[in-house]
Every structure is written in structure tokens, then in C-alpha cells.
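Since the structure comes first, as C-alpha cells, the remarks are kept for the end.
The values are calculated or read from the model by the stated rules, or taken from the named source; none is laboratory data. Here the structure is a predicted model, which is why all the values come from computation and not from measurement. Note that each Cβ is placed from the backbone with ideal geometry, even for glycine, and that neighbours are counted across all protein chains shown. Heads up: the accessible areas ignore ligands, DNA and RNA and are worked out on the full protein's heavy atoms, side chains in. Shrake-Rupley method; radii C 1.70, N 1.55, O 1.52, S 1.80 Å.
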Amino acid sequence: MAESPEPDAPVLTDCADGCCHGHADSTPEVPAGRQRVLVRRVRYLVAATISYNVVEAAIAIAAGTAASSTALIGFGLDSTIEVASAAAIAWQFSGRDPHARERAALRVIALSFFALAGYVGVESVRALAGAEHAAPSTVGIALAALSLVIMPVLSHAQRRAGRELNSASAVADSHQTLLCTYLSAVLLVGLLVNHLFGWSGADPLAALVIAAVALKEGRDAWRGRHCC
């Protein structure tokens, strides 16, 4: 069924902080009706992201606590950061003028990336130092595999809509969701290696790479470089 525009939906005109400078000539102006459809799509995608991450966080933290798994608990906390990032986008697109809220939403997303990088980095070092030895977790493996399927779909759909809207914050949030995909892959490999071979060092090593990527994404979001 084709989506129809809503008359009261807000309309975006350009990116905040001049982040789309240099692309204005190559990016055609999106008709108002199409913009309204895209704004509504972003709202739905954000709602789906928040809903999934709330459930994901609850399961991961519970399973991580039961297995004494720093990786699983960290994954659950990452999901709460995802909720904060998505909530910032929901707040931005709930107003009549999302463009006016772009800078604030980007700041929240950037800070969530920095928080994620800090936590994952510290916990990875602690795990490598032998602070904890996690027990195998079948629930964690299933959750990581499911997230590895769902998250790329949500990220891709939101990134496409955000790019067409020229919304840096919507694209930045899609990068946050994509980072969760990478973290799901890291978690899955770590849990499988621990389950099959009893070696828990694989996950924190790969998670350190994820922390570095999160720092870069946070820096780009802070500077408003997620338009394209």
C-alpha cells in the first residue's frame, strides 16, 4: 500500500550546522509531500528501534548477570544507549520544525557514542586482564544472532530516509544502529568461541575495535558529518 502524506507532519528544509554544504547542488530538493512521508517513516523506524532495544536490553542484562558475562551485560547497556539515541530522534521529529532541533539531537547521539566507547573499552580491558570468566550462554547466542538480522534492516531503512531528508541526526542514529550490528557480530563470535572452546578473550579484543569505531562515529556526529 502506498504511503500518503500527512498534512500536519513537519517538513525539513536542510541540514543543521551546514553539514550538507558542498552537496546542495547535487541533491535535488525533495517535494513537501515526499518529505512528510519520509518524516513519518523515520518516526516509525525510530519507534521500532526503541521497542526492540528495550526488549534486547532486558534479555541481555538478565542473561549476562546469570552467566557473569561482561560482554552480554555490556551489550545490554549498549541497547539502552541505542534507546537514548533513538529517543533523541523521536523528540526531534515530534516537533513542527525538526530542523531547529537538529543540533541538540546530534549532541545527544554523539554523547551516546562516547559513552558506549568508554564503557566497552574499559570493560574489554578488564576482561582481558582476567577480571571475570563468563559461563557459556545459549540465550546470549540466540539474542546476538537475532540482532544481527534485525539491526541492519532498521539501520538501512533509516539511513535511506535520513539521506533523502538531508537530516544529519537521522543518518547518525542509523549509524548508531549499524554499530549495534557490529557489536552483535562481535558478541556472537565471542560467545560461540567461549561456548565451543572455552576461550573468553576473543570478544574483548574485537570489542576494543568497536570502541574505536564508536569514538569516530561520536566525533562525526558531534561535528555534523552524517549527511551523506
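See the values below:
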{"quantity": "Test: residue in the range 153-174 that is buried (at least 24 other Cβ atoms within 10 Å of the Cβ) and not in a helix (DSSP H, G or I)", "calculated": "yes"}
{"quantity": "Subset of the range 119-139 that is part of a loop (DSSP other than H, G, I, E, B) and surrounded by 18 or more Cβ atoms within 10 Å (Cβ to Cβ) - its residue that is modelled with the lowest pLDDT", "calculated": "Ala134"}
{"quantity": "Yes/no for Leu178 being within 14 Å of Leu116 (Cβ to Cβ), surrounded by fewer than 18 Cβ atoms within 10 Å (Cβ to Cβ) and out of contact with any Leu (no Cβ under 7 Å at 6 or more places or on another chain)", "calculated": "no"}
{"quantity": "Subset of the range 26-69 (residues that are under 30 Å from Leu183 (Cβ atoms), open to solvent by less than 40 Å² (accessible area, probe 1.4 Å) and in a loop (DSSP other than H, G, I, E, B))", "calculated": "Ser69"}
